[in-house]
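First the structure, in the form of structure tokens, and then the observations on it.
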Amino acid sequence: MATKQRSRNRRSSSSRDRTPTYVAPVLDPTWVSPYVPSAGERHANVKAVKSYVRRRKMPQTIIVGAVTLVTFILFVVAPWLPIVGVVIAGLYLWDLHRAEARFVRRGSTLGATMLDQFKAGGTNEDRQRLAIVLDRLSATFG
């Protein structure tokens with residue numbers, strides 16, 4: 001008898017009789033992306049950007065180093081030339097530091113720049129998620 005009841009219950013709950021259930025998508029306001037870069041990843045990204053700037057400015061670095069070295073060697077001709085060499089090297093180091101800071105700043109504001117350029121639709125949470133994804137991509141690819 002238990003067998004007949006079980007088979008009747010199975011027949012009565014067939015998939016044809018059920019209405020499809022619709023679950024509306026809801027964004028979780030407390031959601032945190034797993035792709036948000038950690039502090040270590042951000043630090044590694046900044047190091048990679050600075051390394052890129054140094055490689056890009058390598059020809060200038062070699063020229064400035066050679067000029068500075070020549071001014072030190074020509075100390076015999078004029079005793080004030082090493083001061084000129086130190087000034088040239090100092091100005092170049094200041095320019096290199098400024099270029100590194102500019103590239104790091106551009107990388108850190110990439111998400112906000114993209115949002116300003118394209119005026120993303122959606123809610124604030126959607127825009128924040130987009131900024132997080134862009135931040136992660138910039139950290140990944142430097």
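The values are calculated or read from the model by the stated rules, or taken from the named source; none is laboratory data. Just so you know, these numbers come straight off a predicted model, no measurement behind them. Note: ideal-geometry Cβ built from the backbone for every residue, glycine included; neighbour counts use all protein chains shown.
I'm trying to understand the selection: among the residues of the range 75-111, which are of a type in the set (Asp, Glu) and closer than 30 Å to VAL36 by Cβ?
From the range 75-111, those of a type in the set (Asp, Glu) are 95, 100; that's our starting set.
If the condition is that a residue be of a type in the set (Asp, Glu) and closer than 30 Å to VAL36 by Cβ, then GLU100 is the only one that fits.
Where residues in the range 60-88 are hydroxyl-bearing (Ser, Thr, Tyr) and in contact with a Gly (Cβ under 6 Å, 6 or more places away or on another chain), which of them is farthest from ALA99 (Cα to Cα)?
THR71
Regarding VAL53, is this residue within 18 Å of THR109 (Cα to Cα), modelled with pLDDT of 90 or more, aliphatic (A, V, I, L, M) and part of a helix (DSSP H, G or I)?
yes
Do any residues in the range 71-85 that are among the polar types (S, T, N, Q) have Cβ atoms under 8 Å from those of residues that are at pLDDT 85 or above and in a helix (DSSP H, G or I), where the two are at least six apart or on different chains, and which pairs are they?
Partner pairs satisfying both residue conditions: THR71/LEU81; THR71/PRO82; THR71/VAL84; THR71/GLY85; THR71/ILE88.
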